[in-house]
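Notes to accompany the following structure.
The values are calculated or read from the model by the stated rules, or taken from the named source; none is laboratory data. Just so it is clear, the structure is predicted and the values come from calculations on it, not from any experiment. In this analysis, Cβ positions are derived from the backbone assuming ideal geometry, glycine residues included, and neighbour counts consider all displayed protein chains.
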């Protein structure tokens, strides 16, 4: 996806302000409403942002790489706040340059690490992490997963889960 100069500048705002709200971007971009911000994000930047569990706007790792040089300071780390199962999945997934693994292999690794999720919970966790750009889905005979970024470039914040 090729970005216009305006879209690249606005993406740099998302990276610099993350996690942020529509209202903050509305003020930054001098738009009339939060709805206008949402429409712009969806039409111009949909591949470069996601909403975290608190519905705050966050940049994907790809967005950080794309505009990191345009933002004050260096963007060396992607901070993600995820439920405990997703954080545990990040811990057991292969690194970004290693061979990816299947949902079932991830399930077994999680169980070896002392967790006991259902396979559908693991599949859902991996899909959610892929939507956030933290995990890469590699399609083989079955979908396989690995980290999309270097493990050292992630700062994982665990949400408190009552089910743990």
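For region 50-67, enumerate the residues that are under 15 Å from residue 128 (Cβ atoms) and assigned to a strand (DSSP E or B).
Within region 50-67, 50, 51, 58 meet the criteria.
Just give me the residues in region 1-12 being part of a helix (DSSP H, G or I) and over 21 Å from residue 81 (Cα atoms), in sequence order.
5, 6, 7, 8, 9, 10
Considering region 13-32 alone, what residues qualify as being assigned to a helix (DSSP H, G or I) and more than 16 Å from residue 56 (Cα to Cα)?
29
Residue-wise test of (1) at pLDDT 85 or above; (2) crowded, with 18+ Cβ neighbours inside 10 Å; (3) closer than 27 Å to residue 55 by Cβ.
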residue	(1), (2), (3)
75	no, yes, yes
109	yes, yes, no
120	yes, no, yes
147	yes, yes, yes
152	yes, no, no
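Is one or more of the residues making up region 117-137 on the phi > 0 side of the Ramachandran plot, touching a residue at least 40 places away in the same chain (Cβ under 8 Å) and outside the structural domain of residue 64 (by TED's automatic domain parsing)?
Let us first name the residues in region 117-137 that are on the phi > 0 side of the Ramachandran plot, namely 133.
With touching a residue at least 40 places away in the same chain (Cβ under 8 Å) added as a condition, the list becomes 133.
Still in the list and also outside the structural domain of residue 64 (by TED's automatic domain parsing): 133.
Looking for residues that are on the phi > 0 side of the Ramachandran plot, touching a residue at least 40 places away in the same chain (Cβ under 8 Å) and outside the structural domain of residue 64 (by TED's automatic domain parsing), one finds at least one in region 117-137, hence yes.
Could you tell me which residue of region 33-49 is surrounded by the most Cβ atoms within 10 Å (Cβ to Cβ), considering only residues that are part of a helix (DSSP H, G or I) and touching a helix residue (DSSP H, G or I) at 6+ places or on another chain (Cβ under 9 Å)?
37
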